[in-house]
Amino acid sequence: MRMRAAQRPCSNCPWRRDSTPGEFPPERYEALAATTGGAGREAPVGAPMFACHKTAAGKEIACAGWLAREGYHHLGVRMAVAMGRVDVAALEPGEDWPALYDSYDELASVNGATL
């Protein structure tokens, strides 16, 4: 079964540099820190995924901005790529995409979160 994911960042995706910071409270970003990691400290297989905020509870799809910036640092996403459940191209921003924050830490900091 394919992993459901947005195809590109929505108009007010928090990953977009041109989105207004503060749409979501800092605590939300602190809670979502479990969705990411880094080289040698990847989010484990059972870690939650960062869902698109425009999807309904229980029907969430992965955020395109998150996949493009943090997918490599999430072992569940990497397994989905290996199993053919998500296209590896989703782990890079598209050519015509808006500028995205470089990391989750940067995104969270701009939005007032303390990680």
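Structure values in brief
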{"quantity": "Top-ranked residue in segment 11-43 [being surrounded by fewer than 18 Cβ atoms within 10 Å (Cβ to Cβ) and either hydrophobic (A, V, I, L, M, F, W, C) or touching a strand residue (DSSP E or B) at 6+ places or on another chain (Cβ under 9 Å) (or both); ranked as farthest from residue 62 (Cα to Cα)]", "calculated": "39"}
{"quantity": "Near pairs, Cβ below 6 angstrom, 6+ apart or cross-chain, from segment 85-110 (more than 17 Å from residue 61 (Cβ to Cβ)) to any residue that is of a type in the set (Gly, Ala, Ser) and part of a helix (DSSP H, G or I)", "calculated": "92/68; 93/68; 100/65"}
{"quantity": "Single residue of 110, 81, 86 found to be farther than 23 Å from residue 17 by Cα and out of contact with any Asp or Glu (no Cβ under 9 Å at 6 or more places or on another chain)", "calculated": "86"}
{"quantity": "Residue check for residue 4: open to solvent by 70 Å² or more (accessible area, probe 1.4 Å), over 21 Å from residue 115 (Cα atoms), at pLDDT below 95 and not small (Gly, Ala, Ser)", "calculated": "yes"}
{"quantity": "Members of segment 73-87 found to be over 18 Å from residue 34 (Cβ atoms) and either in contact with a Pro (Cβ under 8 Å, 6 or more places away or on another chain) or open to solvent by 50 Å² or more (accessible area, probe 1.4 Å) (or both), listed by number", "calculated": "82, 83, 85, 87"}
{"quantity": "Residue, surrounded by the fewest Cβ atoms within 10 Å (Cβ to Cβ), within segment 44-56, restricted to residues that are in a loop (DSSP other than H, G, I, E, B) and touching a Cys at 6+ places or on another chain (Cβ under 7 Å)", "calculated": "54"}
{"quantity": "Residue list for segment 57-87, restricted to those being in a helix (DSSP H, G or I), of a type in the set (Gly, Ala, Ser), more than 10 Å from the chain's Cα centre (by Cα) and closer than 22 Å to residue 8 by Cβ", "calculated": "76, 80"}
{"quantity": "Residues being assigned to a helix (DSSP H, G or I) and open to solvent by less than 40 Å² (accessible area, probe 1.4 Å) - total across segment 88-115", "calculated": "5"}
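The values are calculated or read from the model by the stated rules, or taken from the named source; none is laboratory data. Worth saying up front: this structure is predicted, and the values here are computed from it rather than measured. Because the Cβ atoms are built from the backbone with ideal geometry, glycine has one as well, and the counts that use them run over all protein chains shown. Calculation scope for accessible area: heavy atoms of the full protein, side chains included, ligands and nucleic acids excluded. Shrake-Rupley method; radii C 1.70, N 1.55, O 1.52, S 1.80 Å.
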